[in-house]
C-alpha cells in the first residue's frame with residue numbers, strides 16, 4: 001500500500017513509499033514520472049512496473065490502482 005503522508009508531487013517526479021501490508025514496517029521508495037491514475041491516493045494498494053535501482057528503491061514507469069486478484073478457474 002501507499003504509505004500515508006509520503007506522497008510528494010514535484011514537477012518531473014512523483015515520489016512515495018510503499019509499505020508491506022502484513023508487517024507495516026518494510027518500505028520501498030518509488031519514483032514515478034507520468035500521469036497518476038484518477039483514483040490514486042495514499043493508503044491504497046497498487047501494482048507497478050519499473051526498475052529496481054536498489055534494494056529499497058524502484059523507478060516506476062507504470063502504475064495501476066489495485067492489486068491483481070488471485071487466479072481462479
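Neighbour counting of Cβ atoms within 10 Å sorts the residues 48, 17, fewest neighbours leading, into 48, 17.
Considering only the Cα atoms of the chain, their convex hull presents on average a projected area of 5.7 nm². Entry note, segment 8-65: relative contact order of 30 percent, from Cα contacts under 8 Å with a spacing of 6+ residues.
Taken together, the values in this text are just the output of simple stated rules run on the coordinates, not laboratory data. Quick caveat, the model's predicted, so the values are computed rather than measured. Because the Cβ atoms are built from the backbone with ideal geometry, glycine has one as well, and the counts that use them run over all protein chains shown.
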